[in-house]
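Notes follow once the structure below has been shown.
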Number of protein chains: 2
Amino acid sequence: VGKAKAQISISADGYAAGPNQSEEHPLGENGEDLHSWVVALDVWQRQHGREGGETTASTPIYTEATANTGAVVMGRKMFGPTRGEWTEPLWNGWWGDEPPFHAPVFVLTHHAREPQEMEGGTTFHFVTDGIERAFELAHEAAGEKDVSVAGGAATVQQAIRGGLLDELLVNQVPLLLGGGERLIDNLDPGDAKVEQVEVVGAPGVAHILYRFG
Amino acid sequence: VGKAKAQISISADGYAAGPNQSEEHPLGENGEDLHSWVVALDVWQRQHGREGGETTASTPIYTEATANTGAVVMGRKMFGPTRGEWTEPLWNGWWGDEPPFHAPVFVLTHHAREPQEMEGGTTFHFVTDGIERAFELAHEAAGEKDVSVAGGAATVQQAIRGGLLDELLVNQVPLLLGGGERLIDNLDPGDAKVEQVEVVGAPGVAHILYRFG
């Protein structure tokens, strides 16, 4: 069975998304600045079906963190801005007809919905019986490959508390967001043993890879 | 005139001190674990008049951050647990008769008090007219040398907001404190331009050096 891992960009003040998230600003005010470093990478451009981009010290650590993904788990808040029962027209994610996951994606929700097949190998499955069950289904679907936790912050925290997450790559970006959703929050010392595996500095980002025990 | 700099250890969840700070636990519950990496260093041992310790990748970056200090600024909460008017027996800091500063230390307080001379070159000066004045006095006393901001978190934040801090070395330790005082907090995007200068991984700590503009 593969590992469960996440890679999340946060600000110097610890926020994975800025204040006042909305359909117009899914990452909150200034939240998009968290991802400038990754959008600039050749590996990210290729993952998103484009060309160009550069190779930096981020390339190997980001590649390693995202390679070998067989399935994805995400929270409903990350999937979209709609809440409650699913209603027509159905929301199918932020990512257009061909989402960049190319794998089954298990969305945590309290409201049942049929699986939604997209182009390029992504199918959204809606899991209503909890995060443990979502990880079980994701690991089953991924087989030998890894399960990637896409976010958001609450889902990552729940996975850490539940002992479900093996590795977290924190991409710390030198900017202040001043509010929003903190990634490493709502956790007690007893929730996980944290081991520092690797630290890499790159243009506009500091990578810290943690392993949980 | 020298730089103003700070080097502060924080947990993976961003706390510079754990929950429930008290005279018995000045760094809060489990807060002392933030400093295991630095106490293990030969340079720290020498600064504190002892021998032994080891050289790691932390040694040069910690040495650089603490060398050339001509004066120190700290908040009253860091100086001690007493509040309000100064009363006998006077509190002279956590550090015994010979504090490890060996320089003038400017303590921010709302309550006037005569300077307190200690052994080994440390004199505590009590500044009642604000953080800008404290930095002015500290830079005057330091001359060509640097001013070091010892903490705590609120004082560092005030210095950043006031444009008084040039460099902050964040020493991020792989542990969860789950509560307490966050270092990089209460800051808005407009408060400072943050530049990442250096990133170094060492045993039990990730160093990120920020410069403010």
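Considering only chain A, pick the residue with its Cβ nearest the axis of the rotation onto chain B, and state the distance in whole Å.
Result for the axis mapping A onto B: A:Gly14, 2.
Sort out for me the Cα centre separation of the range A:49-72 from the range B:90-125, rounded to whole Å.
The two parts, judged by their Cα centres, are 52 Å apart.
Which FRET efficiency value, to the nearest 0.05, is calculated for B:Asp188 and A:Glu140 with the Förster distance at 30 angstrom and r the Cβ-Cβ distance?
0.10
Count the DSSP beta bridges whose two residues both fall in chain A, then state the antiparallel fraction as a percent rounded to the nearest 5.
Roughly 45 percent of the DSSP beta bridges within chain A come out antiparallel.
Heavy-atom accessible surface, probe 1.4 Å, ligands and DNA/RNA ignored: which residues of the range B:1-48 lose at least 30 Å² versus the isolated chain?
Residues passing the criterion (a loss of at least 30 Å², heavy atoms only) are B:Ala12.
Could you provide, to the nearest whole Å², the per residue accessible area of the range A:157-205 with probe 1.4 Å?
36 Å²
Sort shortest first the distances from B:Val39 to its counterpart in every other copy, using label points 7 Å along the Cα-to-beta-carbon line, and give them in nm.
Spacings between copies for this position, smallest first, are 4.6 nm.
Could you tell me what percent of the DSSP beta bridges with both partners in the protein assembly as shown are antiparallel, to the nearest 5?
Roughly 45 percent of the DSSP beta bridges within the protein assembly as shown come out antiparallel.
Please work out how much length the chain gains when fully extended from B:Thr123 to B:Asp42, using 0.36 nm per residue of separation minus the C-alpha to C-alpha distance, in nm with one decimal.
26.6 nm
How big is the dipole moment of the protein assembly as shown about its Cα centre under a simple scheme where the beta carbon of each Lys and Arg is +1, that of each Asp and Glu is -1, and everything else is neutral? Debye, nearest 20, please.
For this selection, approximately 0 debye.
Find the sum over both chains of the accessible area lost when A and B are paired, probe 1.4 Å, and report it in Å² to the nearest 100.
Using a 1.4 Å probe, the pair buries roughly 2200 Å².
Can you tell me the FRET efficiency between A:Glu51 and B:Thr82 if r is taken as the Cβ-Cβ distance and R0 is 60 Å, rounded to the nearest 0.05?
For R0 = 60 Å, the calculated efficiency reads 0.40.
Rg/Rh for the range A:9-111 to two decimals, with Rh computed the Kirkwood way over all alpha-carbon pairs.
0.98
Which of B:Gly84, B:Gly163, B:Gly18 moves the most in a Gaussian network model of chain B with Cα springs under 10 Å?
Between B:Gly84, B:Gly163, B:Gly18, it is B:Gly84 that shows the largest mean-square fluctuation.
Once neighbouring chains are kept in place and the probe is 1.4 Å, which whole percent of the accessible area of the protein assembly as shown is contributed by carbon and sulfur?
Carbon and sulfur together cover 47 percent of it.
Pop out the Kirkwood hydrodynamic radius of the range B:30-186 from its pairwise C-alpha distances, inverse of mean 1/r, in Å to one decimal.
About 16.7 Å, per the Kirkwood formula over Cα pairs.
In nm, what does the list of distances from A:Pro89 to its counterparts in the other copies look like, shortest first, when each label sits 7 Å along Cα to Cβ?
7.6
Would you mind telling me which residue in A:Val43, A:Val170, A:Val149 has the biggest mean-square fluctuation in a Gaussian network model of chain A, where springs connect alpha carbons within a distance under 10 angstrom?
A:Val43
Compute the convex hull volume of the Cα atoms of the range A:164-213, divide it by the residue count, and report the result per residue in Å³ as a whole number.
88 Å³
What size of dipole, in debye to the nearest 20, comes out for the range B:134-184 about its Cα centre when the only charges are +1 on Lys and Arg C-beta atoms and -1 on Asp and Glu C-beta atoms?
Roughly 300 debye, rounded to the nearest 20.
Rolling a 1.4 Å sphere over the protein heavy atoms, what is the accessible area per residue of the range B:63-109, to the nearest Å²?
Ligands and nucleic acids excluded, the result is 48 Å² per residue.
Exceeding 32 Å between C-alpha atoms, which entries from my cross-link table qualify? They are A:Lys77/B:Lys5; A:Lys77/B:Lys77; A:Lys193/B:Lys145; A:Lys193/B:Lys77; A:Lys77/B:Lys193.
In this structure, A:Lys77/B:Lys5; A:Lys77/B:Lys77; A:Lys193/B:Lys145 lie more than 32 Å apart at Cα.
Please list, by residue number, every one of the GluC sites (Glu not before Pro) in the range B:162-211 that is coil in DSSP and has at most 13 other beta-carbon atoms within 10 Å.
Answer in residue order: no site qualifies.
Among DSSP beta bridges whose residues both lie in the range A:62-124, state the antiparallel percentage, nearest 5.
If we restrict to bridges inside the range A:62-124, about 25 percent are antiparallel.
Enumerate the calculated ³J(HN,Hα) couplings along the range B:166-182 in order (Karplus 6.51 cos²θ - 1.76 cosθ + 1.60, θ = phi - 60°), each rounded to whole Hz, writing x wherever the residue is Gly or Pro.
Residue by residue, the range B:166-182 yields 8, 9, 10, 8, 8, 9, 9, 9, x, 8, 9, 9, x, x, x, 10, 7 Hz.
Of all the C-alpha pairs in the range B:105-213, what % are more than 18 Å from each other?
The proportion of pairs with Cα distances above 18 Å equals 59 percent.
What are the trypsin sites (Lys or Arg not before Pro) within the range B:39-139 that DSSP puts in a loop, where the Cβ has at most 12 other Cβ atoms within 10 Å?
B:Arg50, B:Arg83
Which distances, in nm and shortest first, link the B:Pro203 label point to the same label point in every other copy, taking 7 Å along Cα→Cβ?
So the label point of B:Pro203 gives 3.5 nm to the other copies.
Write down the radius of gyration of the protein assembly as shown and its Dmax, each obtained from C-alpha positions, in Å.
Both quantities, over Cα of the protein assembly as shown: 23.9, 76 Å.
I'd like the residues of the range B:164-188 whose 1.4 Å-probe accessible area shrinks by no less than 40 Å² going from the isolated chain to the full set of protein chains.
Buried-area filter returns B:Gln172, B:Pro174, B:Leu176, B:Arg182, B:Ile184, B:Leu187.
The values are calculated or read from the model by the stated rules, or taken from the named source; none is laboratory data. Not measured: the values here are computed from a predicted model. FYI the Cβ positions are ideal-geometry reconstructions off the backbone, even for glycines, and counts take in every protein chain you see. Protein only, heavy atoms only, side chains kept; ligands, DNA and RNA dropped before computing areas. Shrake-Rupley method; radii C 1.70, N 1.55, O 1.52, S 1.80 Å.
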